[in-house]
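None of the figures in this text is laboratory data; all of them are computed from the coordinates on show. If you're wondering where the values come from, they're calculated on a predicted model, not measured in any experiment. With ideal geometry, Cβ positions are generated from the backbone for all residues, glycine too; neighbour counts draw on all protein chains shown.
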Amino acid sequence: MNVKDKTSEFLFQNYGRNDVCFTHGKGAYMFDEKGNRYLDLVAGIAVNSIGYAHPKWVNAVTEQAGRIAHVSNLYHIKEQADLAEKIASVTPKGMTRSLFVNSGAEANEGALKLAVRHTKRTKVLSTFNSFHGRTAASLGATGQTKYQESFEPLIGNCFDYFDFGDAESFKSKITKDTAAVIIEPIQAEGGVRTASKEFFRTIRDVCTDNGTLMIVDEVQTGMGRTGEWFGMQNYNVIPDIMTLAKALGGGVPIGAVVTTSEISSAFTPGSHGTTFGGNPLVCAAACAVIDIIKDEKLVQNAKTLGKKWMSDLKKIKSNDITEVRGLGLIIGIEMKEHAKDVQNDALKNGVLVNVCHLNTVRLIPPLIINEAEADRFTQLLSAFLSKYN
Ligand SMILES: Cc1ncc(COP(=O)(O)O)c(C=O)c1O
């Protein structure tokens, strides 16, 4: 039985999959079963920021697996402590405490529990069109009914929503009972939607005045993707709690809740935890990721290449493109009609891109890509769209 038949017979049918199966990757390229090579501008949805099979990462993971992969949090774990120290070396001032979990949704779940416990308040604000994950509380925070439909019984009634980018809408919703606001620096799954510096600064200031915690979901924007270590640094805003996952592990499942010493103290032994959270294997992988991002200056590459790429994409003359937006190496090209066709044409030409939110072609490549690789897609897109002018 081939992979397609096995998938349809034995797996849940909860994903819409492209008809290709990758066997391995190297750098910014992936290879399928037939040996075809693809330039990857998806990076496993913003996970594979250091590319595939980076020798330092492979060495860290194999060496760790050969010694010890899992230790319970009943004991001290050196790799976990090392990782927390490394994260503290790149986070905004004061954000020195980490709690490790296994995914982005779980990180948000932990952040929300922490905020409710710390503030002793009962309500949470989030934005319409956001995405924070699929577990119960993170699904509640996800301000899109399409993800919540039929799961309402599992979602608490603590959530309310305001318009992303609209500070007045936020001010009209916040009350003395608002424990936290949770927000993405860029609404990534929501179509790479950006908002102004003033908007984020207002959220920060109003939260401070109101005693509400600002949780920033950096699951997709963190670890250098936007041209800063964390997306919120583009706006000079320091949140109270930050959540990480995706690129943190370079391909192994890890998430983190990062906050100040003071806020972290709301969790005491037994208040929160998870069996696999921060085990030696995933922490050794994440330590290697941070070292590689630093050594290879990938944050800077995201900034300079992202800027140039976005400017080139904006120069494409097409009636179908309505907007090009983003920050660093998260770029959305909103199209009137042909987003899916662009994805299919790119695939045919050995380039992987992905459409999010119906009509936005999203570029979230490994942060190691170079100008020639970015140009390759720009030229492909330009040639494809010229048919429709
Ligand atoms: C901003 C954001 N938050 C949370 C999540 C959920 O992360 P995970 O799929 O690891 O649970 C995602 C996933 O796409 C995301 O983009």
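Multiply the residue separation of PHE31 and TYR75 by 0.36 nm, subtract the distance between their alpha-carbon atoms, and state the gained length in nm to one decimal.
Net length gain for the segment: 11.8 nm.
Using only the Cα atoms of region 207-339, build the gyration tensor, take square roots of its eigenvalues as a ≥ b ≥ c, and label the shape rounded, prolate or oblate: rounded if a/c is under 1.5, else prolate if a/b is larger than b/c, else oblate. Kindly include the intermediate steps, with their values, before the conclusion.
Values: a/c = 2.29, a/b = 1.67, b/c = 1.37.
It is prolate, given that a/c is not under 1.5 and a/b is the larger ratio.
Express the relative contact order of region 55-295 as a whole percentage, based on alpha carbon pairs under 8 Å and six or more residues apart in sequence.
Contact order relative to length: 31 percent.
Which of the chymotrypsin sites (Phe, Trp or Tyr not before Pro) across region 62-130 are loop residues per DSSP, with 15 or fewer other Cβ within 10 Å?
TYR75
Based on the alpha-carbon gyration tensor of region 36-148 and its eigenvalue square roots a ≥ b ≥ c, which shape applies: rounded if a/c is under 1.5, prolate if not and a/b is larger than b/c, or oblate? Could you put the intermediate results ahead of the total?
Values: a/c = 2.17, a/b = 1.28, b/c = 1.69.
In terms of gyration-tensor shape, oblate.
Between the DSSP loop rule and a limit of at most 16 other Cβ atoms within 10 Å, which GluC sites (Glu not before Pro) in region 87-151 are left?
Those satisfying the criteria are GLU149.
Cα-based count: Lys pairs in region 55-295 below 13 Å, eight or more positions apart or different chains?
Lysine pairs meeting the criterion: 7.
Counting pairwise Cα distances across region 55-295, what percent come out greater than 31 angstrom? Can you show the working numbers first?
Details: 5673 of 28920 pairs.
The share of Cα pairs beyond 31 Å in region 55-295 comes to 20 percent.
Lysines near LYS387 by alpha-carbon distance under 21 Å, same-chain residues fewer than 8 away left out - which ones?
Those lysines meeting the cut-off are LYS314, LYS315, LYS317, LYS336, LYS340, LYS348.
No solvent, one uniform scatterer per C-alpha: report log10 I(q)/I(0) for region 99-176 via the Debye equation at q = 0.13, 0.24, 0.27 1/Å, two decimals.
Cα-only, vacuum Debye calculation for region 99-176: -0.39, -1.21, -1.33.
Report the longest stretch of the chain that contains none of the trypsin sites (Lys or Arg not before Pro) sitting in a DSSP loop with at most 12 other Cβ atoms within 10 Å.
On the way: sites that count: ARG17, LYS34, LYS93, LYS120, LYS176, LYS315, LYS317, LYS336, LYS387.
It works out to 177-314.
Restricting attention to region 291-389, which GluC sites (Glu not before Pro) occupy a DSSP loop and are surrounded by at most 14 other Cβ atoms within 10 Å?
Loop-located and lightly packed - GLU337.
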